[in-house]
1. Divide by every residue of the chain the summed helix terms, -39500 (n - 2.57) for each DSSP H run of at least 4, and state the resulting mean residue ellipticity at 222 nm, rounded to the nearest 500 deg cm²/dmol.
2. Out of the total accessible area of the chain (probe 1.4 Å, heavy atoms of protein only), what percent is carbon and sulfur?
3. Mind putting a number on the dipole of the chain about its Cα centre? Charges go on the C-beta only, +1 for Lys and Arg and -1 for Asp and Glu, and I need it in Debye to the nearest 20.
4. Farthest toward the dipole's positive end in the range 54-165, which of Ala121, Ile80, Thr147, given Cβ charges of +1 (Lys, Arg) and -1 (Asp, Glu) about the Cα centre?
5. What FRET efficiency comes out for Leu123 versus Lys20 if R0 is 41 angstrom and r is the Cβ-Cβ distance? Round to the nearest 0.05.
6. What accessible area per residue, rounded to a whole number of Å², is obtained for the chain using a probe radius of 1.4 Å?
7. So if a site counts as exposed when it's one of the GluC sites (Glu not before Pro), its DSSP state isn't H, G, I, E or B, and it has at most 13 other Cβ atoms within 10 Å, what's the longest stretch of the chain without one?
8. Please build a GNM for the chain, connecting alpha carbons under 10 Å apart, and tell me which residue among Ile62, Ile77, Ile33 fluctuates the most.
Amino acid sequence: MGLTHFDENGKAVMVDVTEKPETIREATAAGRILVNRRVFRAIREGTAAKGDVLGVAATAGIMGAKRTSELIPMCHILPITNCKIRFHMNEEACAVHCECTVKVTGKTGVEMEALTGVSTALLTIYDMCKAMDKAMEISGICLVKKTGGKSGDVYMEGSGAHTER
């Protein structure tokens, strides 16, 4: 498959999805932030100076997903029908894992929205906790799965390899 975001002269263009059928599409992206023990406890116990870190981060992630087309130049504006942000606290690793799942009935997928949502949520955790830990590390942001559309369903396997089912 060739690159669809370029015209015959190599210039970036928005992909024309006019003739594509609408289908139900869903994408999930994930990532994590590594923090120090003090930050981990503050997030878990809700004692961070700036308030409910995970609550604010979830709201920010949803807002980020909804505004993806304003940040990524060639993304289509999509009428997102659902967006969920989930967190998992891993005390042993001092990590907060985040997943963002976005759903739409439309002509193009929501992978970029899911990736933007998880990135925004993790950046919000960083922003709310940076006074306590300047060495936090955001990593592992990737597409976990996508369903719907012409290319079918794609799942990320544990090793990072993509497979189709």
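The values are calculated or read from the model by the stated rules, or taken from the named source; none is laboratory data. Every value quoted in this text rests on a predicted model; they were computed, and no experiment measured them. Glycine also receives a Cβ, built like all others from the backbone with ideal geometry; neighbour counts cover every protein chain displayed. All accessible areas refer to the heavy atoms of the entire protein, side chains included, with ligands and DNA or RNA removed. Shrake-Rupley method; radii C 1.70, N 1.55, O 1.52, S 1.80 Å.
1. One gets -8500 deg cm²/dmol as the mean residue ellipticity at 222 nm.
2. Heavy-atom surface of the chain belonging to carbon and sulfur, 1.4 Å probe: 55 percent.
3. Numbers: 21 positive and 20 negative charges, 94 e Å.
So the magnitude is around 460 debye.
4. Going by the charge dipole, the pick is Ile80.
5. After rounding to 0.05, the efficiency reads 0.80.
6. On the way: 9540 Å² over 165 residues.
That works out to 58 Å² per residue.
7. Working: sites that count: Glu8, Glu19, Glu22, Glu91, Glu92, Glu157.
Longest site-free region, per DSSP loop and neighbour criteria: 23-90.
8. Maximum among the listed residues: Ile77.
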